[in-house]
1. Among D:GLY85, D:GLY108, D:GLY99, D:GLY159, which is of a type outside the set (Lys, Arg) and surrounded by 14 or more Cβ atoms within 10 Å (Cβ to Cβ)?
2. Would you mind finding the one in D:ILE42, D:ILE56 that is of a type in the set (A, V, I, L, M), farther than 30 Å from B:GLY5 by Cα, at pLDDT below 85 and exposed (fewer than 12 other Cβ atoms within 10 Å of the Cβ)?
3. Name the residues in the stretch C:299-318 that are within 19 Å of C:ILE221 (Cβ to Cβ) and facing chain A (nearest Cβ under 7 Å), would you?
4. May I ask you to say which residue of D:GLY462, D:GLY451 is surrounded by 15 or more Cβ atoms within 10 Å (Cβ to Cβ), without any contact (Cβ under 8 Å) to a residue 12 or more places away in the chain and within 14 Å of chain A (Cβ to nearest Cβ)?
5. Name the pairs: first residue in the stretch A:101-121 and more than 10 Å from chain C (Cβ to nearest Cβ), second residue basic (Lys, Arg) and outside any loop (DSSP other than H, G, I, E, B), Cβ to Cβ under 7 Å, at least 6 apart or on different chains?
6. Looking only at the stretch A:77-90, how many residues end up being within 14 Å of another protein chain (Cβ to nearest Cβ) and surrounded by 24 or more Cβ atoms within 10 Å (Cβ to Cβ)?
7. Does D:GLU290 count as within 14 Å of chain B (Cβ to nearest Cβ), within 22 Å of D:ILE204 (Cβ to Cβ) and acidic (Asp, Glu)?
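The values are calculated or read from the model by the stated rules, or taken from the named source; none is laboratory data. Not measured: the values here are computed from a predicted model. Heads up, the Cβs are rebuilt from the backbone with ideal geometry, glycines too, and the neighbour counts pull from every protein chain shown.
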Amino acid sequence: MAARLGAALPGAVTRATDEWVEVVPERVQEALRWLRDSEEFDAAQLSDLTAVDRHTHFEVVYHLQSLDLNHQVVVKAIVGDHEAPALPSAYPVYKGALLQEREVYDLMGIRFADHPDLRRLFLWEGFPGHPLRKDFLGIGGGQTSGLRRFPNEDRADPDRQMNRDNLTSQEMPREAGGHGSEHVASGGH
Amino acid sequence: MESPGIILAFWVLSAITVAGCLLVMVARNLLHALVFLVLAFLGMAGLFVTLSADFIAVAQILIYAGSIAVLMVFAIMLTPLAVRDNANSLYVLPALAAGLGMAAIIGFVAVSTPWAELQGDALKHNDPVTTVAAIGDLLLGRYVLPFEVASILLFFALLGAIVLVRERRNDGDPS
Amino acid sequence: MATTSDAANDTANEPYVLNIGPQHPSTHGVFRLRVVMDGEVIRDLDMIVGYLHRSMEKLAEERTYTQNIPFTDRADYLAAMSNNLGLCLAVERLAGVEVPERASYLRVIFAELQRIASHAMANGTLVSDAGAWQTPLLYMFREREKILDLFEMTCGARLTTNYMRIGGVAFDPPPEFWPALQELVDELPARIDEYASLVQDSEIFLARTRNVGVITAADAINGSLVGPALRGSGVPWDLRKAEPYCVYDRMEFEVPVGRHGDVYDRFMVRMEETRQSTAIIKQAMAQIPGGPHKTDIPLALRPPAGEVYGRVEGPRGELGFYLVSDGTPAPYRFHIRAPSLINLSLLREMAVGVSLPDAVVALGSLDIIVGDIDR
Amino acid sequence: MSRAALPPATPMARQILDHRSLLQRARTLPGEARVALALLGIMTVAALAAVGYLVIAGTLDGRWYDIRDLGNGTSHLVYWMERQGWHPAIPYLTTGLLGGLGILSLVGGWLVIGSWVERRLLAKFQIRQGPNRNGPFGLLQPIADALKLIQKEALIPIGADRLLYYLPPVLIFIPAMLGWAPVPWAARMSYVDMNVGVVYAIAISSLGVLAVFLAGWSSNNHYALLGAMRTVAMMVSYEIPISMTLLSVVVLTGSLQLSQIVAWQQQYHVWLIIVLPLAAFTFLFASTAEINRTPNDIGEAESEIVAGFHTEYSGMKAGLFLAVELGNAILVGAMMATFFLGGYTLFGLETWIPGYLILATKIGAVYFVFVWLRGTLPRFRLDQLMGFAWKFLIPLAIVQLLVVAVEALVIEQSGLPGVATVSGAILVNALLTFFGVRAWANAIGYRPEAGASTPILTTAVGGLRAAARLQAVP
């Protein structure tokens, strides 16, 4: 796919893997339009548009769906400017991008040029920052705000497994039916 | 005829009517004025009842208090917001003159009419069963021509209104 | 008090702004439409969402994958089972977890029960929006109650079920569950026919929904519509057929597709889908094997670094989970592709130029869940 | 494990478990009570037999204690006062006060139980229980509601016009009361049996429009104004079919007096709903529009404009609007019963049963229809309703009026027996209703049955091309 896209739009594709193809952010609209209109890919629907904050850059991810051919095309645009990220809007190609781009703008702070109505979606105008950015409110100090390790992991039995009935030390009595109150005798571990 | 109840009713209803009319003039808000106007209409209807003119009374309520008031409501609602108060008009003097002239004519008629002749039992001899039947007979008998002319006039007014407000467009009305 | 002024005289086209919501009977939650009207006709429409925004996607980045399952309950709170399923399937694909066959069947049964319950709610509120004061809604609640009872029987919760687990389901249903389910699926077709006969031939309902809120197939695809909204426009797209997950490839069912793409078609598609779901449940009950209902996974599941876009056909359409893992127990990025939000993309096109009642019905036919919109 | 062995979890569950039906309670009555009840039953039967004898013998007719017609008692009172030589104003005022109190207590009584009736009935339609907590069967619920409403703070929205905001709840109540004046409850029992009763009824009903409009306008709320404009437009439009319809009734019966209209139905032993089915339907449908009830309640369509013109009213002011809605429903019921359902007569049974009870039963029946409609039907759109009034009801009502004019002439002046002429009229009107409605519906292109369709079932998967393939298959 990357080869086809690269042949049609020279210089647009920067990198390609088995799963996705990365395009130059400035030409993403062009690439999407080509994918939508091409007979071979027929990416008629933008099923999902989102962005990932990679600390130094943003990845804007487009999941395109061909309904007739029943296959999925994943396009990524790497936006290098972490301070004021911007790229062309997909709205002229896909009307379904209207609210998804507003959501990305609201939560990630990526501006989409020529979006007809780029306002914050969930949060109000003037909300400080963009919450889904990894450096939102300075949390994590440039590190990931995520969970490095499970909180009680070390203290517990290293073989502890989810889904086995040993998650809690004492099994809760569970109601078996709508009105019944027979307590299931806990069978130990 | 001159029972105290009727006299009392006459004075009360007259007071309501006159007070309503005065308040229409005094009220600055057009919708307040409208409410007082309806009050005056209802007082008038009451006065008709005291005169045993029940059909006229009911027609007064139906046409004036019911329809004309709603017509005025629509007129006010279709008028832009800023002129919804009872502002000073350019036509104060002409209106005053016209009002005075009207009052003079009514006064003249009231004074010059020989009321005494109608006060006796003149109406009682051919006392109709209902005033409705009498009015109906007169409208479709003696006064049928004016009645028809009036209805044709109203019909054309209706047509004119439809023609005036009809939007010029080709696509059909979605129904 | 302002008196006559020249500028104010030009108020014939004064915009008449109506705020529908956040508290309004037909917005099904805290959802707000700011509507500019000209008489009864809508000239402009802007939607204001976010009253229920909980920033789930951010919160999810600090919790393990299993801990995130309850979040999905709260996203689309009328289709918790489907949401659980979507996340679990995505994580299983990301981490390569095998699911026992019995669990897959149980997942199908519960997802389809959830679809019936959700469609009953959607159609009931749609008819309520069209003005039938709650009667169809309460009729449709009758079987929804029984479905929720089944949920309660199985996992103790009715709405926020938190039932699916990565690698299976939390509990095997109790023995009383199966006769109750059998009773339900036996009477469901007759009940659905009863609901349908209540409204589908009603002249008033037809007058209110036929040729209202029409979306063409091309617009629906381009506008990223999914689920009954897409199928109502005539596009036969159902992920259960297109990329069968769980054991849907072993089920025989048909996909209902509308003819005109209006509100009525969306209503009828949902109605027909409940019938098909009943058929699926019957087949799953007949085919379900014994065995374990879950596999063990590490408490702190650490999927390999990578990303996955897992999706299921929820009651409202394609429900996607875009997960990016960096090898830690918590997702690096957790994105929910919410069908309710994205189905609203075309609302403005549907509503501008029609009268207010039509817009309300069109909104009702999209079946929005505010928790799903705002997340 | 059996259910009964467990204690009920909640007070509600306990009450449901402890509930015993009336029959079960009757079985456990002590012997003395049974004997007393049996005696009471025998005495009732004996009393009824005695009354029956009096009625057959005719000794009861016109006595002051003849409660089949409360007019008897009142007129005896008036005669008595006149014999005392009192001032003529006193009997006048006394009867006026008595009648007014009667109407007030009737409407008031209905307001007390009406909302209970509506809510319970709706609950039954909606397979749920309805109010059943306050008092027996929840009968005290309306009183609790009223107390709650009265206690509420009187809120007034910012920017509301205070005078016009306080006026409408009162203003709308007046026509709902005045409308009862010409209704005949029995042969001699109507408050004012005026000879312009029909015109009076129409005139009074047109007064409510202004109150509705003022309520919507003065609230300073966009929903309220929208609701008011909708309601006013609809009321003004639907007054025309109502008037046309009643004109048909008037032409046929030859009187504007409500008691005469009832007398005509009594004379020919036929209800006007059978003679004029189209007019009856038009009246019922247009009345639902006039009093804002489903399927024509677009003025307060809760899914669109919350509560319409009374969105901003709270407390007892909102309560008055709701009360007027109930009161108007039974007023329309009374009009419907009088014009089309034979009023206080029931094919001779009015000699045995008090006429006002018959009328009340008929009012209840019409009210039941209103509740039934509310529990069943969706709501029309404003333009559909307007189109229905102007394009459908009014032309058909005019045609009906012309036909009825001819029929009335034939019935009055042909000299043929009434059975023949009225039967002929029934036949002609039935045919007119059936074929006229169909022909006119075809003429204006109304074909609802063409709209229903079922979805296409497919196992295919695809996008636009698959959709085109599916639609191509018929």
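1. Only one candidate passes the filter, namely D:GLY99.
2. Numbers: D:ILE42 fails: at pLDDT below 85.
Exactly one residue qualifies, and that residue is D:ILE56.
3. Correct list: C:TYR309, C:GLU318.
4. D:GLY462
5. Cβ pairs passing all conditions: A:TYR105/A:ARG111; A:LEU118/A:ARG102; A:LEU118/A:ARG111.
6. 1
7. Judged against the criteria, D:GLU290 is a match.
So that you can scan it fast, the table gives a plain yes or no per residue for (1) within 14 Å of chain A (Cβ to nearest Cβ); (2) in contact with a Gly (Cβ under 9 Å, 6 or more places away or on another chain); (3) more than 30 Å from D:ALA460 (Cα to Cα):
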site: C:VAL257; (1), (2), (3): yes, yes, no
site: C:GLY261; (1), (2), (3): no, yes, no
site: C:GLY290; (1), (2), (3): no, no, yes
site: C:GLY320; (1), (2), (3): yes, yes, no
site: C:ARG337; (1), (2), (3): yes, yes, no
site: C:PRO357; (1), (2), (3): no, yes, yes
site: C:ALA362; (1), (2), (3): no, yes, no
site: C:ILE368; (1), (2), (3): yes, yes, no
